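Comments concern the structure below.
The values are calculated or read from the model by the stated rules, or taken from the named source; none is laboratory data. Quick caveat, the model's predicted, so the values are computed rather than measured. Every residue, glycine as well, gets a Cβ built from its backbone with ideal geometry; the counts of neighbours run over all protein chains shown. These accessible areas exclude ligands, DNA and RNA; they are computed on the full protein's heavy atoms, side chains included. Shrake-Rupley method; radii C 1.70, N 1.55, O 1.52, S 1.80 Å.
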Amino acid sequence: MRFSEWVQCVFDETSTTLASVQEETVEEATAMILAAPRIFVLGLGRSGLILRMFAMRLMQIGLRAYVVGDATTPAIEVGDLLIVLSGSGRTETILLLTRKAKEFGARVLAITTDPETPLAALADRSLILPAISPKVALSEGDAAARSRLPLADAFEQAASICLLCIGAMLAAQCGQDNVAMMQRHANLE
């Protein structure tokens with residue numbers, strides 16, 4: 001395929017996924033974030049990179065955000081929020097750390113592809129991005145659910161856009177414009 005065809009493929013699959021997101025679920029997710037004294041994000045691989053960007057945006061808005069696994073991440077406590085991003089919702093390391101956060105009294109917001117995943121079952125709330133993923137389809141033996149994009153690209157693109165929009169919603173709700181957020185932007189670059 002040509003570049004323009006790949007662009008259209010990405011737009012089509014991502015748009016289809018985002019069109020399925022429930023508005024009230026996004027509103028519940030933003031309320032959870034605003035209610036938490038501290039927000040922790042957990043994801044592996046590309047999902048982890050997307051959450052690192054989201055944690056940065058939360059910090060720029062003025063919220064206390066941490067990336068699980070960083071050397072300076074404090075202990076999670078009762079009332080804190082753990083945001084977990086996993087397309088499959090079945091990654092053992094993710095499930096183990098999510099259970100551990102729950103044991104410490106944290107609330108969990110899961111972002112995944114299917115409400116029936118083990119991750120969704122552990123979460124207090126789930127934001128479902130029902131993206132086609134050959135990675136998930138192959139692990140479940142579902143040859144019909146095929147994406148033309150590599151692995152979980154449709155999920156990752158949808159998650160990135162969804163979190164960008166949630167960040168914009170949070171900034172507006174917190175009264176933070178670009179001038180205010182630039183004051184918190186990294187200056188040792």
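Worth a mention:
- Structure remark: mean-square fluctuation, Gaussian network model of the chain, C-alpha springs under 10 Å; the largest value among THR113, THR17, THR73 belongs to THR73.
- Once backbone amide H atoms are built at 1.01 Å from N, LEU127 has ALA110, ILE111, THR112 as its partners under 5 Å, excluding neighbours fewer than 5 places away on the same chain.
- Annotation: amide H of VAL41 within the under-5 Å range of TYR66, VAL67, VAL68, ILE83, sequence separation 5 or more or interchain, hydrogens built in the peptide plane.
- 3J(HN,Hα) from dihedral phi, region 163-180, Karplus parametrisation 6.51/-1.76/1.60, rounded to Hz, x for glycine, proline: 5, 4, 5, 4, x, 5, 4, 5, 4, 5, 5, 8, x, 9, 9, 4, 5, 5
- With K and R counted +1 and D and E -1, the other residues having a Cβ less than 12 Å from that of ARG52 yield a net charge of +1.
- Simple rule: put +1 on each Lys or Arg Cβ and -1 on each Asp or Glu Cβ in the chain, find the dipole, and look at GLN176, ILE76, SER47; the Cα lying farthest toward the positive end is ILE76.
- Cβ charges +1 (Lys, Arg) and -1 (Asp, Glu), total dipole of the chain, debye: 440
- Local electrostatic count, ASP177, Cβ distance below 15 Å [Lys/Arg +1, Asp/Glu -1]: +2
- Region 1-51 and region 81-125 have Cα centres spaced 15 Å apart.
- Amide N of region 34-67 lying under 17 Å from the label point, which is placed 7 angstrom from the Cα of MET182 along Cα→Cβ: 60-62
- Sequence-ordered 3J(HN,Hα) estimates for region 32-45 from the Karplus curve with 6.51, -1.76 and 1.60 and θ = phi - 60° stand at 4, 5, 5, 7, 7, x, 9, 10, 10, 10, 9, x, 10, x Hz, glycine and proline given as x.
- With 0.36 nm allotted per residue and the present C-alpha distance subtracted, the CYS9-ARG64 stretch has 16.1 nm of extension available.
- Degrees, to the nearest 10: 3-19 long Cα axis against longest axis of the chain: 60
- Accessible surface of the chain [probe 1.4 Å, protein heavy atoms]: carbon and sulfur percent: 56
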